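Each remark here refers to the structure printed beneath this line.
The values are calculated or read from the model by the stated rules, or taken from the named source; none is laboratory data. This structure is a prediction, so every number in the text was calculated from the model and none was measured. Neighbour counts are summed over all protein chains in view; Cβ atoms, including those assigned to glycine, are modelled from backbone coordinates with ideal geometry.
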Amino acid sequence: MSPKGMLKAIMKNRTGRIGIILLALIVFTAIFAPWLAPFDPYERVAQPFQHPSASHLLGTNDIGQDILSEMIWGTRISLSIGIIAAAIAITLGTAIGILSGYYRRWLDTILMRFVDVVLVIPFLPLMILLAAYLGPQLTNIIIVIGILTWAGPARVIRSQVLSIRELGYVQAARSLGGTDFKIMIRHILPGVMPIALAQFIRAVSTVILIESSLAFLGLGDPTAKSWGTVLYYAQTRGAFLTGAWVWWVLPPGLLITFTVLAFAFTGYTLEEILNPRLRSAGPHHRVFFNSEAVEKNRG
Amino acid sequence: MLRFWGHKLLQYGLVLLITLVINFSLPRLMPGSPLELLAGEDVGRLTTEERQEVMSRHALDQPVHQQFIIYLGQLGQGDLGYSYRQNRPVSTIIWERLPWTLLLTGSALVLSSIIGVIFGTLAAWRRGRFSDVGSMSLFIFLDSMPSFWLGMILVALFGARLRWFPVFGARTPFADYTGWAAVADVLHHLALPLLTLTLVTIAGLFLIIRYSTLETLGEQYITVARAKGLPERLIIFRHVLRNAMLPGITVFMLSLGYVVSGTTVIETVFAWPGLGRLMFEAVIQRDYPVLQATFMVVTVCVIIANFVADLLYPLADPRVRTEGRQ
Amino acid sequence: MTKRLFYLCLVLLLIFASACSPTEDPPAAEPADEVEDEPGNGVEAVSLRMAIPRDEGSLNPYTYVTGYPGHNLLLLIYDTVFQLDENNVPQPWLVTDHEVDSEGINWNFTLHDGITWHDGAPLTAGDIKFSFDYYGEHSHSRWTNAVSAIEEIVIEDELNFSILLSEPVPAFLTNPLSDVPIIPEHIWQDVSDPDSFTDHTGSGPYQITEYVPDQTYRLHANADYFLGKPAVEEIGMVIIEDQTATFTALRVGDIDIASRSMQPELVGDFAGEGETDIITGPGFTSSLLQINNEREPFNDPLVRKAISRAIDIDDLVDTVMLGYGTAGSPGYIHPDLPHYNPDVEHIYDPNEAVTLLEEAGFIDTYGDHEFELLTRSNDPLRVRTAEMIAVNLNAVGINVSVQALDSATLDDLVWPEFDTSQGRDYDLSIWGWSAPIMIDPERLGGLFHSDLEDRGTLNIGAYTNNNVDTLTEEISVTVDPGRQQDIFNQLQVILADTVPFVTLYYPDGIYAYRPDTYDNWTYQNGQGVLNKLSFVNMP
């Protein structure tokens, strides 16, 4: 299915349409943040802890930065975190899934046991460990989340590869003497692309949630203004104990929710489209729930 | 068949061993030192000899492989060591925390599974209609919320503002309730965290059940049954639900493994005395024995749950059994 | 159908909520009512509930965990020979009389008559000797060093004893005598591994009657306390780690006071509202910009001075602390302390900073270099402080980026193994020291002496200055008050000029509490309300 065809199909579905429209809005905000935001979110423009007013629609934060501007810029940062980390995870997952599913036998066993191990390693200490070695900046948090969330998608992709490799055209290419590498790139990869895309979309939403949970626990990068960071400051600077939660806590939380929702709607719709008979009850269901459970429980 | 399971067992054993090694080395690879926990708050004043004395008391001056052997030896005797922070056996601490975690995450899992199964089946049955789209949207929406955010809003609203529910902990401190009053007290405290955790986890099972029900509905024999004019209700209960539940059971089993690890975030928001919070604090404070032990308990549970799910699945679904044999 | 689904959800939620909330009998509210209904004597309450942020072990001198509030709680259960009053002047507590010879070597004490341990056994001079000897033999980071100058303790009779020092200790009455708890000989005499000994029999105004690890402590008033029964009958301590949960609990009345100092932005919502109120006062904890004096270009005092000139500390106090703090003195010492030198003053002058940097040749070599300013990621006030300092420093041409780290990771870079002689790996870091390191003048040697092996145990920036070395050595053996003050003044002038670190501010203590339950708190200057004097009157 061509990307255009996919988009068309998604737009035909009600939830899919909502997802795509929300996504478009979010991406628009992210791209045009500098023009949309009334202030520089890193500049102290007023007294700290101001209530909403005409000049600061959502008030100001704990050192007098404009919260609305933080929200708008946060779109860019949270979205980048989600997309980049998910891209890392899916690239890794696809590569390992294809290798494992294509070669099978001992390589498959080793890689899949490796996946098992990654899925059970406690997330938090690994996070701290990697952040300590790489440095605590946002880029490294992205990398860390990326390399900690590839295992679930790898399983899904592997099972897809297992069925693709038995298909006629792959067998044909093989008997014609194509090298493994060529077959994997030319025939297997295009076959798993749609599934990988669906996994990617879902990974983005998982990553955004993980980042906000890490920020909440004080393990994020508090100097980068993601929505999670804004929530962290709101929470630690008493917004829940004062009236400030209405303008300081609700907006970032809702933005996270709607962004995750937009990706989820799009992703689920895409999955339904890709699998008209609705995917067989194979391992990817398990993995799906696993990765959710991992996110929820580990975060 | 026996060989197949033997092989599986071996594989899981290997995973267990690798995770043990990782669980042991992770804390020690993390930067930072447990010395402050061991020697007391004014640690800067220690002389070099005193430092060495403290470290050797806890075998931390030994080479790492030596420490690992000591650790394995203790583990073999069921000894999980002493907490650096609490000066108590780690096993005692874990036994204290475990019931609370099981209570919270276990009941959330059961609740969200029940809701997920009921609504998943209903939604599939009404595919494409508003009730399907509506419930799916609702559950995905709930699933999209940051759990700590939802939890804190619930506390602010129902705890601090309306004062319907307590705002922290698992029991009223110093109340000394016994019998039913104690149970009621715990349930009262459980309500908000349970609600939060349930709401954000329904979507998982809901979607799976919905998908697999849809899939079963598309199967040949259902079409045949319908053609025969069997009542819809009968079809749902006798044919569809039974088959559609299969992936649900597997997922349930797997999630059971993660139940033990608790939910650090929810436990933090509600000051719930569970394992997740224990693990988090141990990470922050570098309490090696507690870290190792909680990691181990968690990973072992996940591995066992995986193994059981692997065992159950082919028994229930003949298609996988044959695939497994190849 | 949609409606039906909606109602179904609603009903399900309601059933679930009602099943979980025992509305018929609300036991959760009962104990609070009981407390308020039963009148104590006047305003004073029978029972008080306090939140503390973490478990403090079994709360004996070897198992308590934190300096604050752990040490403060410990001293509700155990007594010290002297006690710091509201102004941190040591006053006799367990003793009635004391005298000292002119060299400050030989001290004579007479114990208060009729002091007993919680188990009824009498507290005698033997227990005092035993305690100090025990701390000398069984190393503990806080006590062992404090008693190291004690040469010998001679028991004359049950009540009289003398302490012989190996060298004069100028603040001997403050530390160890007002700091080190006295333990009962008859209980500790056979204990060889104190780290795993959990008994907490003391002689203090409160005794622990119940300890549920990780959850609660119950402290009961010691009816036989030698200074009279304490004002509060029972103190229930609840462990709540999360800050928001703590103050929510205070607001709804689940607790009556929180040990942790409240953040300034909440003052407006808790002060004078009726049910809750706050007590504030100066705090002796410090917030610093720690500088690695070993690393180029910060080994040049001119560069450090430029950094100091570049920082607008008044803006920090106003913005980060919302005014609830005192601007830092460049001599480190808090203005409320007797040995503070009012002649030193922080100067904020970015232009001078630029001139100083030019003079030091900084721009040519380091104009493009980016320095890292480390801070703890879980402390939002410190992160904000770091961010504002980065703006200040960037404005004068020092490129700084803020790096927020997990606190153990930060410790590992700034103070590896908590041993200053093991080196350091950082440029700049936000740091802070606790109140005892401000109050005890002897600690100045620890902070500034260049001998990192033995003396400069807190000198985490490896600051080196020969005059400071000599002066801190001298102060640790000087007993003459006039000479002492002279040295303190000189020290602060040198520190202000050579800038080992920049003292940013001293956060105020802000304690929120419920006055209806108990309103007799004593604010010990710089150290807050959690002390014996809040419950027992000075003899």
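When A:F289, A:F258 are checked against the criterion of being modelled with pLDDT of 50 or more and out of contact with any Asp or Glu (no Cβ under 7 Å at 6 or more places or on another chain), A:F258 stands alone in meeting it.
For segment C:299-332, filtering for residues that are in contact with a helix residue (DSSP H, G or I) (Cβ under 7 Å, 6 or more places away or on another chain), over 16 Å from C:N392 (Cβ atoms) and either outside the structural domain of C:I460 (by TED's automatic domain parsing) or not aliphatic (A, V, I, L, M) (or both) leaves 6.
Quick check: anything in segment C:348-369 under 21 Å from C:A435 (Cα atoms), among the aromatic types (F, W, Y) and buried (at least 20 other Cβ atoms within 10 Å of the Cβ)? No: segment C:348-369 contains no residue that is under 21 Å from C:A435 (Cα atoms), among the aromatic types (F, W, Y) and buried (at least 20 other Cβ atoms within 10 Å of the Cβ).
Residues in segment B:218-257 that are loosely packed, with under 12 Cβ neighbours inside 10 Å, at negative phi and either within 9 Å of chain A (Cβ to nearest Cβ) or outside any helix (DSSP H, G or I) (or both): B:K228, B:P231.
Scanning segment B:80-121 for residues that are within 12 Å of chain C (Cβ to nearest Cβ) and on the phi > 0 side of the Ramachandran plot yields a single hit, B:N87. Among the residues of segment C:230-247, those that are touching a strand residue (DSSP E or B) at 6+ places or on another chain (Cβ under 6 Å) and part of a loop (DSSP other than H, G, I, E, B) comprise C:P230, C:V232, C:E233, C:I240.
The residues of segment C:397-416 that are touching a Leu at 6+ places or on another chain (Cβ under 6 Å) and part of a helix (DSSP H, G or I) amount to a single one, C:L410.
Total residues in segment C:358-386 satisfying the condition of being in a helix (DSSP H, G or I), more than 24 Å from the chain's Cα centre (by Cα) and modelled with pLDDT of 95 or more: the figure is 0. Scanning segment A:1-20 for residues being without any contact (Cβ under 8 Å) to a residue 40 or more places away in the chain and of a type in the set (S, T, N, Q) gives a total of 1. Looking only at residues in segment C:231-242 that are out of contact with any Leu (no Cβ under 9 Å at 6 or more places or on another chain) and more than 7 Å from every other protein chain (Cβ to nearest Cβ), the one that is nearest to C:S47 (Cα to Cα) is C:A231.
Each residue in segment B:14-44 was checked for being under 30 Å from C:D179 (Cα atoms), in a loop (DSSP other than H, G, I, E, B) and at the interface with another protein chain (Cβ under 7 Å from one of its Cβ atoms), and 5 pass. Where helices (runs of 4 or more DSSP H) sit wholly within segment C:261-334, those with at least 2 residues that are within 14 Å of another protein chain (Cβ to nearest Cβ) occupy C:267-270, C:313-319. As a summary of the residue check, C:H339 satisfies the conditions (1) closer than 21 Å to C:R443 by Cα; (2) in contact with a strand residue (DSSP E or B) (Cβ under 8 Å, 6 or more places away or on another chain) except for the one numbered (2).
So, B:Q52, is that one more than 10 Å from chain C (Cβ to nearest Cβ), free of Cβ contacts under 8 Å to residues at least 60 places away in the same chain and either buried (at least 17 other Cβ atoms within 10 Å of the Cβ) or not in a helix (DSSP H, G or I) (or both) or not? No: the conditions fail for B:Q52.
Step by step: first the residues of segment B:127-142, then only those that are of a type outside the set (A, V, I, L, M, F, W, C) and more than 7 Å from every other protein chain (Cβ to nearest Cβ), then the one that is nearest to B:F206 (Cα to Cα). Which residue is that? If we take residues in segment B:127-142 being of a type outside the set (A, V, I, L, M, F, W, C) and more than 7 Å from every other protein chain (Cβ to nearest Cβ), then B:D132 is nearest to B:F206 (Cα to Cα). Apart from one condition, C:W521 fits all of (1) at pLDDT 95 or above; (2) not in a strand (DSSP E or B); the exception is (1). Note on segment A:115-233: enclosed helices (runs of 4 or more DSSP H) holding 1 or more residues that are small (G, A, S) and either touching a helix residue (DSSP H, G or I) at 6+ places or on another chain (Cβ under 7 Å) or at pLDDT below 80 (or both) are A:123-134, A:138-148, A:151-164, A:168-175, A:189-216.
The number of residues in segment C:134-153 that are within 13 Å of chain B (Cβ to nearest Cβ) and either without any contact (Cβ under 8 Å) to a residue 40 or more places away in the chain or over 18 Å from C:I437 (Cβ atoms) (or both) comes to 11.
Screening A:A89, A:A54 for residues that are out of contact with any strand residue (DSSP E or B) (no Cβ under 9 Å at 6 or more places or on another chain), buried (at least 20 other Cβ atoms within 10 Å of the Cβ) and either more than 14 Å from every other protein chain (Cβ to nearest Cβ) or more than 25 Å from A:F240 (Cβ to Cβ) (or both) leaves exactly one candidate, A:A89.
Conditions tested, residue by residue: (1) in contact with an Asp or Glu (Cβ under 7 Å, 6 or more places away or on another chain); (2) assigned by TED's automatic domain parsing to the domain that holds C:V95; (3) closer than 22 Å to C:E442 by Cβ; (4) assigned to a loop (DSSP other than H, G, I, E, B).
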{"site": "C:D127", "(1), (2), (3), (4)": "yes, yes, no, no"}
{"site": "C:F130", "(1), (2), (3), (4)": "yes, yes, no, no"}
{"site": "C:Y135", "(1), (2), (3), (4)": "no, yes, yes, no"}
{"site": "C:S148", "(1), (2), (3), (4)": "no, yes, yes, yes"}
{"site": "C:V180", "(1), (2), (3), (4)": "no, yes, yes, yes"}
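With respect to (1) over 29 Å from A:A87 (Cβ atoms); (2) free of Cβ contacts under 8 Å to residues at least 60 places away in the same chain; (3) among the basic types (K, R), the lone exception for A:R186 is condition (1).
Among residues of segment C:316-327 that are more than 10 Å from A:I63 (Cβ to Cβ), those with a beta-carbon under 6 Å from a residue that is acidic (D, E) and surrounded by 19 or more Cβ atoms within 10 Å (Cβ to Cβ) at least six positions away or on a different chain give the pairs C:Y324/C:D508; C:G325/C:D508. Taken over segment B:122-140, the criterion of being at positive phi and in contact with a Leu (Cβ under 7 Å, 6 or more places away or on another chain) is satisfied by no residue. When segment C:400-418 is limited to residues that are farther than 26 Å from A:A215 by Cβ and surrounded by fewer than 20 Cβ atoms within 10 Å (Cβ to Cβ), the one that is farthest from the other protein chains (Cβ to nearest Cβ) turns out to be C:P416.
From the list B:G128, B:G106, the one residue that fits, being out of contact with any helix residue (DSSP H, G or I) (no Cβ under 7 Å at 6 or more places or on another chain) and either at pLDDT below 90 or not in a helix (DSSP H, G or I) (or both), is B:G128. Within segment B:158-179, the only residue that satisfies the criterion of being modelled with pLDDT of 90 or more and within 14 Å of chain A (Cβ to nearest Cβ) is B:F158.
Among the residues making up segment A:234-261, those that are of a type in the set (A, V, I, L, M, F, W, C), within 13 Å of chain C (Cβ to nearest Cβ) and either within 12 Å of A:N61 (Cα to Cα) or assigned to a helix (DSSP H, G or I) (or both) are A:A234, A:A239, A:A244, A:W245, A:W248, A:V249.
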